[in-house]
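Take a look at the structure set out below.
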Amino acid sequence: MMRRLIGILVVVLMIVAVGPASAGKIGFVDAERAVMQVQEGQAKVKQLEAWAEPQQQKVEAAAARVAEIRQEINRQRSVGSPETLDRLGRNELDARRLFEDAKRNFERDLSTKQDEFFAEVAVKVGRVASDYGKANGYDAIMVLKAQPIIYISDEANLTDLVIKLYNQRFPAK
């Protein structure tokens, strides 16, 4: 049994020793960071923020309405009639539903807008990384956060280079 384990260990060590010598050139790009840091991506962030601000204010207004009604319920709890408390309870339930709907719609619309705003930039980042890889002898360029990686050298992380090349190729307007 021990002899078999040693044999397996020797084979594994041989594979590990030979692996780097025969491995191709591989690079990694943090695509999410690249999309957010290229000039065009930063412009898209500003557009998204401009769209999101009024939508977020609507959600906050709905939340404030729920809080107002809850405060009124607390004030009326000891002095209000049962009918008043019942009406306030229904109002609070309606306001909470409106708030939850507004929040859910905002989150869904925000996700859709993010996809819409950043999809084109992401495709261009991929194209720039791919073109760089082909021109510089890379066998593969992978998305950094999509792979469980224990170690990556600074030379293999091409994100900053891709951001620079992207901004040169697609300058912000």
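The values are calculated or read from the model by the stated rules, or taken from the named source; none is laboratory data. As the structure is a prediction and not an experimental result, all values here were calculated from the model. Note that we place each Cβ from the backbone using ideal geometry, even for glycine, and neighbour counts take in every protein chain shown.
The figures follow:
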{"read-out": "Single residue of Arg87, Arg77, Arg96, Arg104 found to be touching a helix residue (DSSP H, G or I) at 6+ places or on another chain (Cβ under 9 Å) and surrounded by fewer than 16 Cβ atoms within 10 Å (Cβ to Cβ)", "value": "Arg77"}
{"read-out": "Scan of segment 128-161 for residues that are buried (at least 18 other Cβ atoms within 10 Å of the Cβ) and part of a helix (DSSP H, G or I), ordered by number", "value": "Val128, Ala129, Tyr132, Gly133, Leu144, Thr159"}
{"read-out": "Residues (of a type in the set (Asp, Glu) and under 44 Å from the mean Cα position of the chain (by Cα)) located in segment 74-100", "value": "Asp86, Glu92, Asp94, Glu100"}
{"read-out": "Yes/no for Lys113 being at pLDDT below 95, more than 30 Å from Pro54 (Cα to Cα) and outside any loop (DSSP other than H, G, I, E, B)", "value": "no"}
{"read-out": "Boolean, Gly24 is farther than 23 Å from Arg104 by Cβ and either surrounded by 10 or more Cβ atoms within 10 Å (Cβ to Cβ) or at pLDDT 95 or above (or both)", "value": "no"}
{"read-out": "Residue in segment 71-89 that is among the basic types (Lys, Arg), part of a loop (DSSP other than H, G, I, E, B) and free of Cβ contacts under 8 Å to residues at least 12 places away in the same chain present", "value": "yes"}
{"read-out": "Selection status of Val16, part of a helix (DSSP H, G or I), loosely packed, with under 10 Cβ neighbours inside 10 Å, at pLDDT below 95 and of a type in the set (Val, Ile, Thr)", "value": "yes"}
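Here's the yes/no breakdown for (1) among the small types (Gly, Ala, Ser); (2) at pLDDT 90 or above; (3) within 17 Å of Lys25 (Cα to Cα):
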{"site": "Ala62", "(1), (2), (3)": "yes, yes, no"}
{"site": "Ile69", "(1), (2), (3)": "no, yes, no"}
{"site": "Asn74", "(1), (2), (3)": "no, yes, no"}
{"site": "Ala119", "(1), (2), (3)": "yes, yes, no"}
{"site": "Gly126", "(1), (2), (3)": "yes, yes, no"}
{"site": "Ala135", "(1), (2), (3)": "yes, yes, yes"}
{"site": "Ser153", "(1), (2), (3)": "yes, no, yes"}
{"site": "Tyr166", "(1), (2), (3)": "no, yes, no"}
